[in-house]
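To start, the structure itself, in structure tokens.
Quick note: the coordinates plus some simple rules give every number you see, no bench work behind them. The shown structure was predicted, so the numbers you read here are calculated from the model rather than taken from an experiment. Every residue, glycine among them, receives a Cβ derived from its backbone with ideal geometry; neighbour counts consider all protein chains shown.
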Amino acid sequence: MKLYGGIDMNDGGMISSLRDMTLQTDLMNIINDNIQGFNKVGYQKKVPVVSSFAEFIGSHALSKNVDEQVGRIKITKNPLDLALATEGYFQVMTPNGMQLTRDGRFKLDKDGNLLTLQNYKVLSKEGKSIKLNGVPKELTDIKIEKDGLIRYLDKTNLKLREAGTISIVTSESAILENPDVKQGYVEESNVAMHEELFNMVPIRRNFEANRQLFIIQNEALTKALQELGRTS
């Protein structure tokens, strides 16, 4: 702030403090999302990336990447629960088009279609929905190989049938050559709670420091305006 018979605000004052507080708030929001996603199956934590221009453009310098590291693998013994022990995604068809997910909690409808919990169809490597012709009476009759190939026992004629291979792709939607599918498991999030809480500490301190600086500058500006009002 400069006084010349008037008031000129510069970026080194309150504007800079507001910009920094906005950035710190956005950083805290990313960490809060990770904390909330800790118990979500297949959730991948978001990693904030702050460019060197944050001092000048604030939150516009913030972007986030997805940490594709494999999360905690938990046994469920449900034959239609699948976990990926490698990086990659299942492809599913939604009303808004094809999407990728690491949530491998699947189910069968009455027609034998393999679905997600949200009733999205699970796709095969050929891009078609996977369907078991004749729903097995026991889910234990369904065997899923490491590469995602689904086999099941058709008890009407006691034949082993193949329902197709689940499409497992990279984040760029390229077919993953050597997936490691684990049947009877789910992948919990890859969020480390203690790391998120530790990362939150300096961000909160920076926010509080900028808040106090903003208050001091605001009080100084108010006082200056009052003094100008008396002399005018």
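Of the numbered conditions (1) surrounded by 15 or more Cβ atoms within 10 Å (Cβ to Cβ); (2) more than 17 Å from the chain's Cα centre (by Cα); (3) aliphatic (A, V, I, L, M), Ala85 fails exactly one; give the number of that condition.
(1)
With a cut-off of at least 2 residues that are over 29 Å from Lys131 (Cα atoms), name the strands (runs of 3 or more DSSP E) lying wholly within the stretch 48-108.
62-66
Name the residue that is nearest to Glu187 (Cα to Cα), counting only residues in the stretch 56-88 that are among the charged types (D, E, K, R) and out of contact with any Asp or Glu (no Cβ under 8 Å at 6 or more places or on another chain).
The qualifying residue nearest to Glu187 (Cα to Cα) is Asp81.
Take the residues of the stretch 170-207 that are among the charged types (D, E, K, R) and surrounded by 12 or more Cβ atoms within 10 Å (Cβ to Cβ): which is farthest from Gly42 (Cα to Cα)?
Filtering first and then ranking leaves Arg204.
Scanning for something over 22 Å from Val41 (Cα atoms) and touching a Gly at 6+ places or on another chain (Cβ under 8 Å), does the stretch 83-104 turn up at least one residue?
no
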